[in-house]
Every structure is written in structure tokens, then in C-alpha cells.
Amino acid sequence: MLKPIDIHKTLIKQRNKEDKSFDITTWVNSIINEISSDNNVLKRLSLSPINRNINKFSFDILDTNAIFHISHIEKICVNYRLRFLDTKYFKGTYPEEVVDKINTLEKTHNTVLDGFKIIAPSKLFRLDKADDPLLFAPMGNGYYYLIHKWGTDLHPLRRIKYWGVKNVENLGISIFLLSLLSTILTKNLIYGDTNHVGYLFMLFLFYVKGYVGMLFLLGASSGKNFSQYSWLSKYDKIS
């Protein structure tokens, strides 16, 4: 039985695979930051970023499993067609644990957080017309600190579902495979027992042109973009 995808654990695996020599102590010591005076957590979440996009943390008490680079976040968002946007665009609700964790972090690190960002499906954002949120606070130098994850895990087949719209290359491969499969399944219905290579190639090209035309029509009407380009976009459609 397929298990749901836990994005937090997936991020940790992605980070560990790429940054085996990551020195947190050396990096955190290089961060310089200011402190915001707004103490209303929910208000800051709804308006973030307010004054800044970098936060100050005490490096000796950081949870290393909660620190991720933007490159790790990008790969997960592109693979699972998720968005990584400022919390001011988030239209979902925050559980009490979010406020509690933010207050605890601010008290522990003697700071006031700002510049919050969230990983979530596009349906959970108020996008300019344009399941599983993860709330982050920026740390600087492209690193983000995971504050809280809530909701349900992603469906295990979500990555496969959106593989074809990950980028142009994947779309091309998908069209090729779909056209090839269609040719194999219908060649006997169209040509009978005739398996002339030229006929099969013509049928294959027919399916390729058909699928490409259909995708152009659907793509133009929906205005959707590839995951590679939309994961950081605040727009629902191609601008």
C-alpha cells in the first residue's frame, strides 16, 4: 500500500543528499539581522514580509532538521507542484500550534520573526489573477528555518501526477510516450494486419500533432505554467 508523502522528511533527505558537509555553526555566525517590533503573530503572518526577510537565531539551540536551503525547497516544490510564497498570500487557517511555536521560538532566540513563507499547493494561496502547508522563517544566505508543518501528508502519487508538467523536457517525453502507446494500441484498428513502418510512423506523427495541439489549446485557455517556473510565482496564470 502506498504511503503518503511527508514533505518535511523529503526535504531532509534532499538536503542530506546534497549538503553532507554543511557546517551550521560557521554559517549561522555570519548572519546579521534586525528585530521587528510587531508582536502580533497572526497579524505578522497575514502581512509578512513587513520590514525584512532575514531573521536572527541563536545558532547553538537550532534544530538542524529544520534548516533547509532554497535549492532543496525548489526541488521539492517543482517535483510535487507546490508553491513557496510569502504568508501574506496564504488563505488557509493557522492551527494554534503555529502561534505557540512562533512565540516559543521568539522567546528562546530573543527575536521577533518576519518574512514568513509557506510551502503549499496553489489552491491554498490568494494568487494574483493569478494539503499540506509548511511554515518557514528566512535565515539569510538562501536558508530557511521550518517552524511548523500541519495538515495531511501529500498523496504518494502526486509527484507522478505532475511529472509531465514539471518542465518542457518532461512534457516532450510524456507526449512521445503517449503517442507511442496510442500508436501501438490502435494500429490494428486502423491498418489491420499491415505493419508497414511508414504507416506506423505516420500514425505516430498524427498522434504527436494531435496531443501537441490539444495541449496548446488547453494550456492557452488555462494559462498554467510549468512547475519549474511557477513554484515561486504569486500569479495563478502566466503573466
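Couple of notes before you dig in:
- Test: residue in segment 137-159 that is out of contact with any Lys or Arg (no Cβ under 6 Å at 6 or more places or on another chain), among the polar types (S, T, N, Q) and within 29 Å of THR64 (Cα to Cα): yes
Residue by residue, here is whether (1) modelled with pLDDT under 85; (2) basic (Lys, Arg) holds:
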{"position": "LYS9", "(1), (2)": "yes, yes"}
{"position": "LYS17", "(1), (2)": "yes, yes"}
{"position": "ASN29", "(1), (2)": "yes, no"}
{"position": "ASN39", "(1), (2)": "yes, no"}
{"position": "ILE73", "(1), (2)": "no, no"}
{"position": "ILE76", "(1), (2)": "no, no"}
{"position": "LEU85", "(1), (2)": "no, no"}
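- Test: residue in segment 171-194 that is within 19 Å of SER122 (Cβ to Cβ), of a type outside the set (Asp, Glu), surrounded by 12 or more Cβ atoms within 10 Å (Cβ to Cβ) and modelled with pLDDT of 80 or more: yes
- Residue satisfying all of: in segment 152-196; assigned to a loop (DSSP other than H, G, I, E, B) and among the hydroxyl-bearing types (Ser, Thr, Tyr); nearest to ASN79 (Cα to Cα) among these: TYR162
The values are calculated or read from the model by the stated rules, or taken from the named source; none is laboratory data. Remember, it's a predicted structure, so these values are computed and weren't measured experimentally. Every residue, glycine as well, gets a Cβ built from its backbone with ideal geometry; the counts of neighbours run over all protein chains shown.
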